[in-house]
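Working notes for the structure below.
The values are calculated or read from the model by the stated rules, or taken from the named source; none is laboratory data. On a predicted model such as this, the values are computed, not experimentally measured, just so you know. Backbone-built Cβ (ideal geometry, glycine too); neighbour counts: all protein chains shown.
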Amino acid sequence: MIADADQDLLLFTAAQELVLAEQAAALLQITDEEATQRLDQLRDRGLVTRVALKHELPPAYRVTRDGAEQIDSALPPLQALDPGRYRHEIAIGWLWAAARHGQLGKLREVLTRREMQAADATLRSESLLDTPGATFKDNAVAGTQCDARQAYPDLALVQAEGGGWATLHVILTSPDRAQLRATLNRADPLIRAQLFLLQDDSGESRKLIEAVANELDIAHRVHVQQLAHDGIEGA
């Protein structure tokens, strides 16, 4: 058996590609030291592993297959860690924790890409979105073995009222115009908004997103916001 508080911690870790102890502390509203201790206890039980990132980053934790099975057997296998995406994955963890504390608005649910994949695999997406046949996956993306990062947003924000959901994408480098167009041109009537959080200080990424949204005549549902300079704490 696992205590409820540790179940919440394991769920957080299982939902992400990686988590930091300070993120777990923010989610559970405990100290960094307590979060580290509890994560290490989960590691001792074989439910998470501890991994070293780049030298300027603190160690991170990743769920094991046994840990994921305790949360949701439909969760996909973790992807190999890409050093070029460390900061991106860290950002997703902060945003998920913020959403859980109501800082991203009134939501029925917030889902990471891994959670969206599991929801689609088990048809839970239909009940979450109150629509038969609904999926979080962009079914226009060709190929069953395609990178999930092309078929899913970084986060799904399922609305608490009025139905539908919003996509959230974190952009830390200049976006590819063709990929951006494909992302924005998604034909899903349940998507109420497409949100982009940018790191680019030059404004070029914002201009590109807004230009493509205008070309597709969907500017009304596309919202762009700058990440604060400390918006990816610890990264």
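A compact table of results
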| quantity | calculated |
| --- | --- |
| Pairs where the first residue, in the stretch 80-109, is in the same structural domain as residue 193 (by TED's automatic domain parsing) and the second is in a helix (DSSP H, G or I) and among the small types (Gly, Ala, Ser), C-beta under 8 Å, 6+ apart | 94/26; 96/15; 97/26; 104/98; 107/99 |
| Evaluation of residue 36 against (1) free of Cβ contacts under 8 Å to residues at least 40 places away in the same chain; (2) closer than 28 Å to residue 157 by Cβ; (3) buried (at least 18 other Cβ atoms within 10 Å of the Cβ) (one fails), failing number | (2) |
| Within the stretch 138-158, tally of residues that are buried (at least 19 other Cβ atoms within 10 Å of the Cβ) and modelled with pLDDT under 95 | 2 |
| Pair list, Cβ under 7 Å, 6 or more apart: the stretch 192-204 residue of a type outside the set (Asp, Glu), other residue part of a loop (DSSP other than H, G, I, E, B) | 192/164; 197/227; 198/227; 199/172; 199/227 |
| Any hit, the stretch 88-103, residues being among the hydrophobic types (A, V, I, L, M, F, W, C), farther than 20 Å from residue 9 by Cα and in contact with a strand residue (DSSP E or B) (Cβ under 8 Å, 6 or more places away or on another chain) | no |
| The stretch 1-27 - residue that is outside any helix (DSSP H, G or I) and in contact (Cβ under 8 Å) with a residue 24 or more places away in the chain and, of those, farthest from residue 156 (Cα to Cα) | 2 |
